Each structure stands twice: as structure tokens, then as C-alpha cells.
Amino acid sequence: SMTAIALALSASAAAANTEGCDDGEIVMKFAHVTNADKHPKGIAASLFAKRVNAEMDGTACMEVFPNSTLYDDDQVLEAMLQGDVQFAAPSLSKFESFTKQFQIFDLPFMFKDIAAVDGFQNSETGTKMKDSMARRGLQGLEFWHNGLKQMSANKPLLAPGDMKGLKIRVQPSDVIVAQMEALGASPQPMAFSEVYGALQQGVVDGQENTWSNIYGQKFYEVQDGTTETNHGVLDYLVVSSTDWLDSLDPAVKDQVLTILNEVTVERNAAVNEVDQAARQSILDAGGVIRELTDEQRAQWVDAMKPVWDKFAEGIGQENIDAAQSFNK
Ligand code: LMR
């Protein structure tokens, strides 16, 4: 049967991919979609594995699979529930089929900067969100930052009207789809690993992403330029399966989650540096970045913010108010 074939394939992939682990060690695979060394998520995942492998040697072994080499984000959560991967950190926009709670992060212009996002995630409301998928078998462990999103296309984008009629790659999120429709664009959900090729071949005209993703995937090479809109946040939730976590010896679980928490604190504190380094690297490589005047940016706010009305009831006005209170 197809299932048997799929299981056999994933079992052989597992065996082939865990060569670095010693017999008897608990194998922990961490799959993600970005590069490993110049990206907030990649750096954090690499540091997490390095520390687990040093401090839990003989007990546990972590292998990181970056660059979508093991799974795309549209496969990884199901694979986690099957026990084929133990850690992942999809962007908050990727959890929609499990919970609507993270929609708040996709609302355009909800957060002024990453400090506001951090404040909200660490508030009582944000902390509770990590448990919102427990019924579905997923446990949120830590929020990891990436940055604010920018808008790029195969033509200059200065006014929101410049988006009209463009095919824009989006993450699979109803909020982001509605946001692009509000701009008169045609949203095209697509896996991260396919975006460069789709931009290059003209399958889509543009996309929205953070500096580290635009740099890491070289989107600037196949776009006219990127407009610094800072219109939304792209952050991550590190997740694991509740079943797998429950299967661990409590001391092992405690040690791995303590390491994860320490890595989170350390790397989240450094995220703005990585974000700005990626922005600078785009310029150094000859990529075009367009800044907006306050007046121009206000037009983007006017065009996109009405999207809130459509989702406010589902998200809860009290949650929106709580989030807004961190925009100091
Ligand atoms: C995207 O799909 O554009 C991002 O969520 C990828 C990532 O993990 O940063």
C-alpha cells in the first residue's frame, strides 16, 4: 500500500540520517527550511543541537536538517505526529489548520517592532498560546524571533496601488491571503523552497518576507527590489509532539527543554543584529532596497489595516488589545 511504501521510505531516511548518533542515544531530529548559519532560526537550531550533543552525550543526539532537506513546512507537522521528526519551528503562519490563535501575529501592522512581539509572546496571553494545540498532539515550547516583513516584486513598489494585479507568493494563512487581496494582488500559497524558482520563472511576481529570508534565499536576485514596509511579523514556534515529550524520562525532558530555553533567550536577544546584517548583505550584493516616507507608509497602513475587521472576532478583541499594549 502507499502507506507501507511511505513508512518504509521514511524509515530508511531515518536510518540514513542518524549516522551521527551512538547506539542507545535518543535520536532527536530537528527539521527546518532556512539556512543553518546566517539566519535567526538556522543559528538557533544549530546552537540547540550543538549544546544537546555536548551536554547530553551518551543520552541524546540531535541532528538538524536545514533548507527543507527533510520536510517542507506543509509536511513537517504531520511527520511530527507520526514520530518521524521531533522538533520543528515553522513560522506562526503555518499552524492555521491546528489553531486559529496565531492569526493575531499575521494581522498587518499589529506590532511596531520585535520588542513588542517579544513582550506579547511572554505575556500571559502569549504564553498560553503555546498550549493551544495540545489536543491535536502538538506542544509549543518556545517562540523564536525572525523579524518584520518587507514587500518585494518584479517592479518598484512605492504606493499600495503598485501591488494591484500582481501574483504574490504567500504562506498558507487566511489573514495573509486577505491582506494581499486588500491590496488588489492575487495571493499564491507556496512552499518556501519553491519561491526562488517561482520568482525567477515569473510564476509569481513578488513575495513578502524578512531580510534574513530575502537574503538567505537570494530573492533579491530575482526581484526588482524590496520595499521596507515593516508591515507584519514573521516569527516561529518551536514545537514537538506531546506523545514524544511524554515518552521521555522526566530528567531528560527537563534537560533538553532547559537547553532550548537558554538558547531561545540568547538567540532572541541577538535577533535584530542578524536581521540588520541580512539587510546590509542584500545591499552589499547589489540588491535594491526602497525606503518609504512616513506619508507613503501611512498609505500602506490605510490599505491593509481594514483586514483586522474580518478577523477581530475570531481572534478576540481582548487579545488584540493585549497585543497593542506592547507597542510602546
Ligand atoms: C516562509 O515560508 O516564507 C517562511 O515562513 C520561511 C521561514 O521558515 O522563515
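Rule-based calculations on the coordinates, nothing more; no lab input. Just so it is clear, the model here is predicted, and its values are computed rather than measured. Note that we place each Cβ from the backbone using ideal geometry, even for glycine, and neighbour counts take in every protein chain shown.
Among the GluC sites (Glu not before Pro) within region 17-75, which fall in a DSSP loop and have no more than 14 other Cβ atoms within 10 Å of their own Cβ?
Details: sites: Glu19, Glu25, Glu55, Glu63; in loops: Glu19, Glu25.
Of the GluC sites (Glu not before Pro), the ones in loops of region 17-75 whose Cβ has at most 14 other Cβ atoms within 10 Å are Glu19.
Here the residues Arg297, Arg136, Arg169, ranked from fewest to most Cβ neighbours within 10 Å of their Cβ, fall in the order Arg136, Arg297, Arg169. With a Förster radius of 41 Å applied to the C-beta separation of Gln280 and Ser123, the computed FRET efficiency comes to 0.80. Separation of region 94-114 from region 249-326 is 10 Å, based on Cα centroids. Computed over the chain with a Gaussian network model linking Cα atoms closer than 10 Å, the most mobile of Asp72, Asp22, Asp118 is Asp22. Here is the P(r) of region 31-134: all C-alpha pair distances, binned every 10 Å from 0, give 13, 36, 39, 11, 1 in whole percents.
Summarising the label geometry, the points placed 7 Å from Cα in the beta-carbon direction at Ala312 and Lys328 lie 2.6 nm from one another.
Can you divide the C-alpha Rg of region 114-248 by 2.2 N^0.38 Å and report the result to two decimal places?
Details: Rg = 17.0 Å, N = 135, 2.2 N^0.38 = 14.2 Å.
Ratio of Rg to 2.2 N^0.38 Å for region 114-248: 1.20.
With a cut-off of 13 Å between beta carbons, the residues surrounding Ala31 carry a summed charge of -3, where Lys and Arg count +1 and Asp and Glu -1. Bridgeable lysines around Lys130 (alpha carbons under 23 Å apart, same-chain partners fewer than 8 residues away excluded): Lys29, Lys41, Lys94, Lys100, Lys112, Lys149, Lys253.
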